[in-house]
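Some notes on the structure that comes next.
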Amino acid sequence: MSSFVGTGDRQRTPSRVGAAPAPEDFYDALASEYHLLFPDWWTAAQWHGEIISRVLADRDVRPPAKVLDCTCGVGTQALPLAALGYWMTGTDLSRRAVERARREAETRGIPVTLRPADVRQVRAAVTGIFDAAISCDNSLPHLLTDRDLERAIESIRACLRDGGIFVASIRDYDSLRRTRPAGVPIELHGKPGSRHGAGQNWRWSADADHLDITLFTFREQATGDWAVSAHETRYRALRRDRFSHVMTHRGFTSAEWLMPEESGYYQPLMVAVADGTGTSAGDPLR
């Protein structure tokens, strides 16, 4: 009979009751395992790159345009976009994720600039002005307050030329807040004897404004045992109208939403245009 071998950050550092686990810790611990979320990570990454590049090209941002991936993680979007000819810079809060992105880029001979940076301070971490910026895979809902989200959007806007494009993907929280699912079922990939996979357990706040998740990864060992890791983090269940409101009060003139049936992407995509007057202080957000 197979057995489970526990690993991962939840065993090493139990979360305090009621505390929001730091996103940096979550992604640092997940960096070496991130590929386990996909049947084949690089094949999936190329699919991500193709769709995001099409969204950018439809708005006249084509290679060799300068693009900033301000929550790049292990490079799931930044690397394939660079391979397609974009001049890519990637930043992320997680140093371990950035280190892995560098290794993945070097392995494939992909030119890309990568450095650690908090998205709320990304302007201070990069040089030059960009034609577009992206933030994919539900990264911005890690910012749990309006003020943190405002700071991030202001910093991203400061990196863009007037008329530049910002593309972000988040989960469809408008629907999820109504249904409050309990998680994401475990999905295994590969052949028996060398399978891997992941699943998620979700715990909603009483008002559905926040969502705590435990992400589990699974790796089948040659012995027949399974190595299991558990990683915890918290998201804000950010509604699209709230996100759009922040965007249009912090330096962007519009915020258009492309749903998966239109874009082909797996999450709703927000596409915003930087205004021509620089970052706007706006009014306090209510």
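The values are calculated or read from the model by the stated rules, or taken from the named source; none is laboratory data. Everything quoted here is computed from the prediction, not taken from an experiment. Methodologically, a virtual Cβ is constructed for each residue, glycine included, from the backbone with ideal geometry; neighbour enumeration extends over all protein chains shown. The accessibility values were calculated without ligands, DNA or RNA, using every heavy atom of the protein model including side chains. Shrake-Rupley method; radii C 1.70, N 1.55, O 1.52, S 1.80 Å.
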TODO: Quick one: what are the phi-derived ³J(HN,Hα) couplings along the range 27-36, Karplus 6.51/-1.76/1.60 with θ = phi - 60°, whole Hz, x for glycine and proline?
DONE: 7, 4, 5, 7, 3, 6, 10, 4, 5, 5
Task: Approximate spin-label separation GLU99-GLN121, in nm, with each point projected 7 Å along Cα-to-Cβ - done: 2.0 nm
TODO: Could you tell me how many degrees, from 0 to 90 and to the nearest 10, lie between the Cα long axis of helix 146-158 and the main elongation axis, the longest principal axis, of the Cα atoms of the chain?
DONE: 60 degrees
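Which of rounded, prolate, oblate describes the range 163-239, given a ≥ b ≥ c as roots of the alpha-carbon gyration tensor eigenvalues and a/c under 1.5 marking rounded, otherwise prolate only if a/b is larger than b/c? All intermediate terms of the calculation are to be shown ahead of the outcome.
Details: a/c = 2.92, a/b = 1.80, b/c = 1.63.
Note, shape of the range 163-239 comes out prolate.
Kirkwood Rh over Cα pairs of the range 91-172 into Stokes-Einstein at 4 °C, 1.567 mPa s: D in µm²/s?
Details: Rh = 13.7 Å.
Answer, rounded: 95 µm²/s.
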- [ ] Rounded to whole Hz and in sequence order, give me ³J(HN,Hα) for the range 167-177 from the Karplus expression 6.51 cos²θ - 1.76 cosθ + 1.60, θ = phi - 60°, writing x for Gly and Pro.
- [x] 10, 9, 10, 9, 4, 7, 5, 4, 7, 5, 5
Open item on the list: Can you list residues from other chains, or at least 5 along the same chain, whose modelled amide H is less than 5 Å from the amide H of GLY183?
Closed with: TRP202
Task: Sequence-distant residues sharing a close amide H with PHE252 (under 5 Å, placed H) - done: ASP275
- [ ] Please report, in cubic angstrom per residue, the volume enclosed by the convex hull of the alpha-carbon atoms of the chain.
- [x] 135 Å³
Open item on the list: Angle check, please: helix 240-249 long axis (alpha carbons) against the longest principal axis of the chain (alpha carbons), in degrees 0 to 90, nearest 10.
Closed with: 40 degrees
- [ ] Could you tell me how many degrees, from 0 to 90 and to the nearest 10, lie between the Cα long axis of helix 95-108 and the main elongation axis, the longest principal axis, of the Cα atoms of the chain?
- [x] 90 degrees
- [ ] Over the range 160-203, average the accessible area per residue using a 1.4 Å probe and give it in Å², no decimals.
- [x] 51 Å²
TODO: Kindly report, to the nearest 10 Å², the accessible surface of ASP60 as traced by a 1.4 Å probe over protein heavy atoms only.
DONE: 110 Å²
Open item on the list: In whole percent, and with a 1.4 Å probe on the protein chains, what portion of the accessible area of the range 146-244 is carbon and sulfur?
Closed with: 49 percent
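Taking the convex hull of the Cα atoms, report for the range 140-198 its projected area averaged over all directions, in nm². Let's see the in-between values first.
Details: hull surface 28.9 nm².
Taking a quarter of the hull surface, the average projection is 7.2 nm².
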